[in-house]
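A short reminder: the numbers here are calculations on the coordinates, not readings from a lab. Predicted, not measured: the structure shown is a model, and the values here were computed from it. Methodologically, a virtual Cβ is constructed for each residue, glycine included, from the backbone with ideal geometry; neighbour enumeration extends over all protein chains shown.
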Amino acid sequence: MNNSKKTISIIGGGSSALMFACCIDTKKYDVTLFEKNKTLGRKFLVAGDGGLNLTHSESSAQLSNRYVPKDFILPALEQFSNRDFINWLNSIGVETFVGTSKRVFPKKGMKPIDVLSLIIDKIKQNNVEIKTEFTWKGFEGHDLIFENENQKRIVKSDITVYALGGKSWKITGSAGDWLHFFSEKGILINSFYPSNCAYKINWPESIVKQISGKPLKNCVFTCDDKSIKGEVVLTEFGIEGSGVYPLSPQIRKQIIENKQATIFIDFKPDLRKEELITRFTDHSNFSIKDILEKKIKLSQVQIALIKSITTKEDYLNSEVLSQLIKTFPLELVDFSDIDEAISTVGGISLDEVSTTFELHKLRHHYCIGEMLDFDAPTGGYLLQASFSMGNFVATKLNELNQ
Ligand SMILES: Cc1cc2nc3c(=O)[nH]c(=O)nc-3n(C[C@H](O)[C@H](O)[C@H](O)COP(=O)(O)OP(=O)(O)OC[C@H]3O[C@@H](n4cnc5c(N)ncnc54)[C@H](O)[C@@H]3O)c2cc1C
């Protein structure tokens, strides 16, 4: 062993840590990865349950616009873009394909566990030592405290990379229970909130059964100044899906400030309000129900929703109906349980890290991945962020120790 080598401890064994461990130069550093679970990448495997959406194939400019805030991640995305990620996956034996939604997945037949195994093989080839069932328990002076087999273990480390994840799906290990270790060091932390989650709606009793489990497709969903075309599923609890996930920052802000958020749905984005009114007047010999169903082609769910908030008088008013078809209001009164969220915001404040993700108040300590307080919608953007940050910090450290 070369004793002049600096030591690096990576804490966490999720996506961002795995990428860091693949890319760090072990000729320059002695690297150990500590994970509290028995196995690595449990959330990565959960992410693959409904199809492992590794990244998105859109242009770099479009991709970077998905992050809130955006600036902090630009250097990492410039260093390791979605194209770089796809090429890297190919280089370790993970072939990918672009789906109809332009999202990128492992080629058909390749399971998330196969992808994870290839990544772990790469880490092993890179001579990174992996220590599982090591739970980080904070600091003792400048050293790291771990618990392993009910024993306290003290680890000295020249450089530490924290990749502790967010606070959802704690069964995967991402429990967010480490916040106080940082706040005790005077580092600003923000409370965790769910993102990319379901939102609660107090549906009128009369329509719950009719709408529950039903989709709203090809609609435009708006909250504040942000609109998104997508699809949602209405459930007994409320609403979830790609139509509302990208609105999470706006919805969250309203719920925190006002205990409720209002979104507006355009059921017929391809028709202007005036065109809708014309359909009513052109078919005035038809019943309202027939015009809505056959001439405007609303679904039964959309009609049920409209009926649930209109008086008998309004239901006969083409102006009112057309307005509702274009801007149907829904009040969201709460988030789903944070543990069920696809991702979380909160954690280490971005004000606390440099452009290379090093903590200002703890030199040589870096934070990467979902433990940082940023938001991104579903679509592969979360994994892209984790892999980009892991690659970026490893590259910076490889350059440092020349
Ligand atoms: C249901 C679901 C579906 C998803 N689908 C997608 C998708 O298709 N595409 C996409 O881009 N993203 C998806 N995501 C999000 C994505 O999986 C995460 O954003 C990403 O895994 C975050 O990586 P990370 O490295 O920051 O943290 P994680 O992957 O959460 O890893 C953190 C690790 O740190 C360990 N740890 C925590 N505390 C300690 C401690 N004290 N000591 C030691 N180890 C500790 C944990 O056990 C865990 O292994 C999905 C998430 C969920 C829940």
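Could you tell me the relative contact order of the chain? Use alpha-carbon pairs under 8 Å, at least six residues apart, and round to a whole percent.
So the answer I get is 25 percent.
How about LYS111: which lysines have a C-alpha closer than 16 Å to its C-alpha, ignoring those fewer than 8 places off in the same chain?
Partners within reach: LYS43.
Take the cross-link list LYS102/LYS273; LYS214/LYS268; LYS156/LYS361; LYS268/LYS307; LYS102/LYS229; LYS217/LYS259 and give me the ones stretching past 21 Å between alpha-carbons.
Values: LYS102/LYS273 31 Å; LYS214/LYS268 17 Å; LYS156/LYS361 18 Å; LYS268/LYS307 17 Å; LYS102/LYS229 15 Å; LYS217/LYS259 27 Å.
Cα-Cα > 21 Å for LYS102/LYS273; LYS217/LYS259; rest within.
Measure off 7 Å from each Cα along the Cα-to-Cβ vector at THR356 and SER206, then give the distance between these two points in nanometres to one decimal.
Result: 6.4 nm between the two label points.
Relative contact order, percent, of region 311-402 when contacts are C-alpha pairs under 8 Å separated by at least 6 residues?
Working: 61 pairs, mean separation 18.4, N = 92.
Taking the mean separation of contacting Cα pairs over the length of region 311-402, I get 20 percent.
Given the Cα atoms of region 68-195, and with Rh set as the inverse mean 1/r over their pairs in the Kirkwood sense, what is Rg to Rh to two decimals?
On the way: Rg = 18.3 Å, Rh = 18.2 Å.
Ratio of gyration radius to Kirkwood radius for region 68-195: 1.01.
What's the extension gain from SER227 to ASP121 if we count 0.36 nm per residue and subtract their Cα-Cα distance?
On the way: separation 106, 0.36 × 106 = 38.16 nm, distance 4.24 nm.
Stretched out fully, the SER227 to ASP121 stretch lengthens by 33.9 nm.
Please provide three numbers in whole Å: the alpha-carbon extents of region 199-335 along the principal axes, with the largest listed first.
The Cα atoms of region 199-335 stretch 47, 30, 23 Å along their principal axes.
Hey, what did region 199-335 get for relative contact order, percent, Cα under 8 Å, at least 6 apart? Spell out each step's value before the answer.
Numbers: 223 pairs, mean separation 43.3, N = 137.
Computed over region 199-335, the figure is 32 percent.
What FRET efficiency, computed as 1/(1 + (r/R0)^6) with R0 = 30 Å and r the Cβ-Cβ distance, is obtained for ALA61 and LEU188, rounded to the nearest 0.05?
Details: r = 30 Å, r/R0 = 1.01.
Taking R0 as 30 Å, the efficiency between ALA61 and LEU188 is 0.50.
For region 33-95, what D do you get in µm² per second when you plug the Kirkwood radius from alpha-carbon pairs into Stokes-Einstein at 37 °C and 0.692 mPa s? Present the calculation step by step, with values, prior to reporting the outcome.
Values: Rh = 13.8 Å.
The Stokes-Einstein estimate is 238 µm²/s.
Could you give me D for region 286-368, from Stokes-Einstein at 25 °C and 0.890 mPa s, where the hydrodynamic radius is the Kirkwood radius over C-alpha pairs? Units µm² s⁻¹, please.
Working: Rh = 17.4 Å.
My calculation gives 141 µm²/s for D.
Apply the Karplus parameterisation 6.51 cos²θ - 1.76 cosθ + 1.60, with θ equal to phi minus 60°, to every residue of region 247-259 and state each ³J(HN,Hα) to the nearest whole Hz, in sequence, with x for glycine and proline.
Going residue by residue, I get 8, 3, x, 6, 5, 4, 4, 5, 5, 5, 7, 10, 6 Hz, with x marking Gly and Pro.
Taking the Cα centroid of region 28-44 and of region 102-155, what is the distance between the two, rounded to the nearest whole Å?
Spelled out, the Cα-based centre of one part sits 1 Å from the other.
In whole Hz, with x marking every Gly and Pro, tabulate ³J(HN,Hα) for region 133-149 from phi via Karplus 6.51 cos²θ - 1.76 cosθ + 1.60, θ = phi - 60°.
Calculated HN-Hα couplings, in order: 6, 10, 9, 6, 10, x, 10, 10, x, 8, 8, 9, 9, 10, 10, 9, 6 Hz.
Compute the acute angle (0 to 90°) between the alpha-carbon long axis of helix 112-125 and the principal axis of greatest extent of the alpha-carbon atoms of the chain; round to the nearest 10°.
20
Can you run the Rg to Rh ratio on the chain? Use alpha carbon positions and the Kirkwood inverse-distance Rh. Intermediate results must be reported in sequence, preceding the final value.
Working: Rg = 24.5 Å, Rh = 23.1 Å.
That ratio is 1.06, to two decimals.
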